[in-house]
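Visitor: Quick one: the structure is below, and I'll ask about it shortly.
Just so you know, all these numbers are worked out from the coordinates, no wet-lab data involved. Here the structure is a predicted model, which means the values were calculated and not measured. Here the Cβ positions follow ideal geometry from the backbone for every residue, glycine too, while neighbour counts run over all protein chains shown.
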Amino acid sequence: MVKDRLNELKHFKDNNGKNKTPPVEIELNNTHDNTESGTQKLRHTFQRADAIAQWIVQIENNNQDIRIHLRKIEDMKSNQKAVEEKLRSLFQNNTTIAQQISPKLKEVETELQQIGTESTEKRIKTIQYTTSKKRFEKAFIENNQLLENYKSIQKQVIKSQLVAKGYFQVTDEEVTSLLEDGTDIQIFTENILAETAEAKRVLADVEERHQQLLHIERMLVEVRDLFVQMSILIDSQQELVDRIEFQAQSATEYVGAGAVDLNSARDKKKKSFRTKIYILVALVVIILIILIILLK
């Protein structure tokens, strides 16, 4: 932006009697604005990558806590209700975090498509995207495996409770059907009169486990939906990742070819130096011979 220097010009002319043009100051605000805008974009990129990394670390820490609490389920000395509540909280927290990470990765994907050129910004975002995606995928796959383990343990606990006192006999298929159909637990006891307090307590415990299994199944559905979103992200970015890998491989090949060319240049330089020495020695010998002939 050019400043208005008209008044200064008039004053300069009046004082000196000559129309001498003073220096003109030009402020490069556009360049400054562009630089500042680029800096802000990079700052936002790194802040977003840092936030995603922290979320992934939280999922990894939750997975570690889940493994610890899963070992406590079969420990009768533990407070089972507290353990179950903690597990549900950890799994739900992982799902919530994953639902935050997925849109952020989608946001990066959209930005990469809009950049278009192979700029520094695009390379930085591509590296961050690929790294975050792989780490997120690994952590969330582990979360899904732990959730499946939790489901299997709960099914086994239900079966054990049903047969513990010899009241009922139930197969693995029946327990699976109970979970998948969402049928009330009374389908196993409708023809049985649970007269004792112990039998009623067992039925109450089994019903509670049944509700927990249904909750686990709902969480598994949410997890599978997230996996679908992740697979879409992975498929849409595969071409970009392949291109980056190709460029990296090409750069490696160029580096290797450059090293070969450098060695070849060094050899040629040595040969050229030796040739010059030989020519110089030959010239000295010829001059000496000529001098000897002349002196005779």
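Visitor: Cut-off is 10 Å between beta-carbons; in what order do LEU112, LEU280 appear when sorted fewest neighbours first?
Guide: Details: LEU112 17, LEU280 10.
Least to most surrounded, the residues fall as LEU280, LEU112.
Visitor: Can you tell me how much longer the chain between ASN61 and SER152 gets when fully stretched, taken as 0.36 nm per residue apart minus their C-alpha distance, in nm with one decimal?
Guide: Working: separation 91, 0.36 × 91 = 32.76 nm, distance 2.21 nm.
Gain on stretching ASN61 to SER152: 30.5 nm.
Visitor: If I model a spin label at THR120 and LYS138 as a point 7 Å from the Cα along the Cα→Cβ vector, what separation in nanometres do I get?
Guide: 2.9
Visitor: Here is a follow-up. If I model a spin label at ASP267 and LYS86 as a point 7 Å from the Cα along the Cα→Cβ vector, what separation in nanometres do I get?
Guide: 6.8
Visitor: Using θ = phi - 60° and the Karplus relation 6.51 cos²θ - 1.76 cosθ + 1.60, list the HN-Hα couplings for the stretch 269-284 in order, rounded to whole Hz, with x at every Gly or Pro.
Guide: 5, 4, 5, 5, 5, 5, 4, 4, 4, 4, 4, 4, 4, 4, 5, 4
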